[in-house]
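Peer 1: I am attaching a structure below and will ask some questions about it afterwards.
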Amino acid sequence: LPGLKQAADPECALKLVNKHVLMVGARRMRVEVVRYRAGNRAVLRHRLGRMGFYARVKRPATLSPFLKSWKIVARSSFVAPRIAGYWADGGVVWMSEIPGKNLRMLIRRGIQPDPTPLLQGLETLWSQPEGVTQGQPFNLLGAYRQAKRSFLHFARENTPVSTSIEAIAKSLDPFVESWRPLVVAHNDFYDDQLLALPDGGVALVDLEEAGPGDPMLDVGNFVAHLRWRSRFGLQRENDATASYLDKFRSAALERFGWDERELNLREAVCLFRLCTNAVRHPQDDWRGKLEDGLALVNEVLE
């Protein structure tokens with residue numbers, strides 16, 4: 001990430017904003033790290049008094065695909081952050097802040113957002129013409145195989161993990177190997193990516209994966225994240241999350257008339273990928289969490 005060092009330094013960041021975004025009279029800038037994945041991407045918050053931007057720092061080669069993904073989401077009925085400017089050589093793009101309430105936090109507190117605006121937004125995303133983007137199709141097979149590889153070491157040493165993976169593979173291997181992208185989709189749709197706006201609209205603030213994909217996989221991913229947290233989240237929040245899971249899932253099945261088994265397959269493959277959290281961010285109980293996560297995948301597949 002060649003632009004990260006400068007974008008993370010307040011003095012350098014101020015100069016970058018003045019050059020690539022707009023000239024500001026501020027003399028100081030506050031920089032806050034929001035997210036960071038080493039060698040992959042970072043999200044910083046640049047604050048200049050009351051004004052602020054989110055600075056996404058990426059590998060320069062991925063900047064052009066990101067801008068294409070942004071255009072896809074901007075054409076939907078979701079509110080997308082405005083691109084204020086970018087530094088191509090450094091792989092940094094500045095995006096506007098959007099005032100709203102994080103959907104995940106609302107759900108955790110027992111506030112159940114109406115699924116209709118979310119499903120309507122997805123429909124406008126999926127209905128875009130086939131030629132609207134030349135973006136890279138979502139690589140479900142590669143993501144699935146990568147998750148399996150991350151479990152191989154533990155499968156050799158842990159009988160429950162090995163047994164679970166064998167059972168999962170019987171259902172998911174044929175599905176993933178035959179899966180093909182159908183239309184434009186978000187490809188990483190879940191509640192923490194969304195903001196509920198004061199006017200009733202919904203903002204979609206993370207859009208890096210938008211491109212050729214699968215509508216049902218978008219919904220399956222959303223449901224998978226809810227199911228994961230309803231099982232492994234804070235106890236006081238689990239019931240509220242599980243309740244919204246049922247509400248959203250039922251609304252999607254009714255609206256689109258999908259086959260429930262097909263949705264389960266997509267939710268299961270997304271849950272399988274979520275199980276890598278136990279390995280990538282290990283805690284004291286990570287072995288047990290991995291076993292429980294894989295068991296949850298099998299529950300969905302039953």
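The values are calculated or read from the model by the stated rules, or taken from the named source; none is laboratory data. What you see is a predicted model, and the numbers here were worked out from it, not measured in a lab. Here the Cβ positions follow ideal geometry from the backbone for every residue, glycine too, while neighbour counts run over all protein chains shown. The accessibility values were calculated without ligands, DNA or RNA, using every heavy atom of the protein model including side chains. Shrake-Rupley method; radii C 1.70, N 1.55, O 1.52, S 1.80 Å.
Peer 1: With no solvent and one equal point scatterer placed on each C-alpha of the chain, evaluate the Debye formula and give log10 I(q)/I(0) for q = 0.07, 0.15 Å⁻¹, two decimals.
Peer 2: One equal scatterer on each Cα of the chain leads to -0.29, -1.29.
Peer 1: Can you list the HN-Hα couplings for the stretch 96-106, worked out from phi with the Karplus curve (6.51, -1.76, 1.60; θ = phi - 60°), rounded to whole Hz and with x for Gly and Pro?
Peer 2: Residue by residue, the stretch 96-106 yields 5, 7, 10, x, x, 10, 4, 5, 4, 5, 4 Hz.
Peer 1: Using modelled amide H (1.01 Å from N, peptide plane; none on Pro or chain starts), what sits under 5 Å from the amide H of Val79, excluding residues fewer than 5 places away?
Peer 2: Under 5 Å from the amide H of Val79: Val202, Ala203, Leu204.
Peer 1: Please give the calculated 222 nm ellipticity per residue for the chain, where each DSSP H segment of at least 4 residues contributes -39500 (n - 2.57) and the sum is spread over every residue; nearest 500 deg cm²/dmol?
Peer 2: Values: 12 runs with 159 residues, N = 302.
That calculation yields -17000 deg cm²/dmol at 222 nm.
Peer 1: Using 0.36 nm per residue, how much length does the chain from Gln120 to Arg45 gain when fully extended, once their Cα-Cα distance is taken away?
Peer 2: Working: separation 75, 0.36 × 75 = 27.00 nm, distance 2.99 nm.
Gain in length upon complete extension: 24.0 nm.
Peer 1: Once amide H atoms are built 1.01 Å from N in the peptide plane, which residues 5 or more positions from Gly85, or in another chain, come under 5 Å H to H?
Peer 2: For Gly85, whose amide H was placed from the backbone, the distant partners under 5 Å are Trp94.
Peer 1: Next up: What part of the accessible area of the stretch 86-132, given as a whole %, is carbon or sulfur when the probe is 1.4 angstrom? Walk me through the numbers on the way to the answer.
Peer 2: Values: 1130 of 2240 Å².
Summing carbon and sulfur atoms, their accessible area is 50 percent of the total for the stretch 86-132.
Peer 1: I'd like to verify something in the chain: which complete DSSP H helices, judged by Cα projection on the helix axis, reach 24 Å or more and average at least -0.5 on the Kyte-Doolittle scale? Intermediate results must be reported in sequence, preceding the final value.
Peer 2: Values: long enough: 140-157 (27 Å, -0.43); 159-178 (29 Å, 0.27); 215-232 (26 Å, -0.12); 235-256 (32 Å, -0.98).
Span-like helices in the chain: 140-157, 159-178, 215-232.
Peer 1: How do Trp94, Trp286 stack up against each other in accessible area, from largest to smallest, with a 1.4 angstrom probe? Working shown, then result.
Peer 2: Numbers: Trp94 0, Trp286 40 Å².
Most to least solvent-accessible, the answer reads Trp286, Trp94.
Peer 1: List the relative contact order of the chain as a percent without decimals, with contacts defined as Cα pairs under 8 Å and 6+ residues apart.
Peer 2: Details: 501 pairs, mean separation 50.4, N = 302.
Once normalised by length, the contact order is 17 percent.
Peer 1: A further question on this structure: Of all DSSP beta bridges located in the chain, what percent are antiparallel, nearest 5?
Peer 2: Numbers: 32 of 33 bridges.
So the antiparallel bridges in the chain amount to around 95 percent.
Peer 1: A further question follows. Return the single residue from Ala210, Ala224, Ala74 with maximal mean-square fluctuation; model: Gaussian network over the chain, springs between Cα atoms under 10 Å.
Peer 2: Among Ala210, Ala224, Ala74, the largest GNM mean-square fluctuation belongs to Ala74.
Peer 1: Please give the solvent-accessible surface of Leu182 in Å², to the nearest 10, using a probe radius of 1.4 Å with every protein chain present.
Peer 2: Rounded to the nearest 10, that gives 120 Å².
Peer 1: How large, in percent, is the carbon and sulfur part of the accessible surface of the stretch 168-261 at a probe radius of 1.4 Å? Could the numbers behind the result be given before it?
Peer 2: Details: 1800 of 3890 Å².
Whole-percent figure for carbon plus sulfur exposure: 46.
Peer 1: Using a Gaussian network model of the chain with C-alpha springs under 10 Å, which one of Leu226, Leu106, Leu195 is most mobile by mean-square fluctuation?
Peer 2: Among Leu226, Leu106, Leu195, the largest GNM mean-square fluctuation belongs to Leu106.
Peer 1: A further question on this structure: Can you give the charge dipole size of the chain about its Cα centre, rounded to the nearest 20 debye, using +1 on the beta carbon of Lys and Arg and -1 on the beta carbon of Asp and Glu?
Peer 2: Details: 42 positive and 35 negative charges, 314 e Å.
About 1500 debye.
Peer 1: Further, regarding this structure: Of Trp179, Leu234, Leu204, which is farthest along the charge dipole of the stretch 175-295 in the positive direction, counting Lys and Arg as +1 and Asp and Glu as -1 at C-beta?
Peer 2: With unit charges placed on the Cβ atoms, the residue in question is Leu234.
Peer 1: Related question: Ordered by residue, what ³J(HN,Hα) values in Hz, to whole numbers, does the stretch 206-212 give under the Karplus form 6.51 cos²θ - 1.76 cosθ + 1.60, where θ = phi - 60° and Gly and Pro are x?
Peer 2: Couplings: 10, 9, 5, 9, 4, x, x Hz.
Peer 1: For a quick check, take a GNM of the chain with Cα springs below 10 Å and name the residue from Arg273, Arg27, Arg47 with the largest mean-square fluctuation.
Peer 2: In this elastic network of the chain, the residue with the biggest mean-square fluctuation among Arg273, Arg27, Arg47 is Arg27.
Peer 1: Within a Cβ distance under 15 Å of Glu177, other residues only, what is the Lys/Arg minus Asp/Glu net charge? List each step's numbers first, then the result.
Peer 2: On the way: positive: Arg145, Lys148, Lys170, Arg180, Arg266; negative: Asp173, Asp214.
For residues surrounding Glu177, the net value is +3.
Peer 1: Would you tell me the accessible area of Thr163, worked out with a 1.4 angstrom probe on the heavy atoms of the protein chains, in Å² to the nearest 10?
Peer 2: It works out to around 80 Å².
Peer 1: At 1.4 Å probe size, with every protein chain present, just tell me what the per residue accessible area of the chain comes to in Å². Intermediate results must be reported in sequence, preceding the final value.
Peer 2: Numbers: 15100 Å² over 302 residues.
With all protein chains present, the chain gives 50 Å² per residue.
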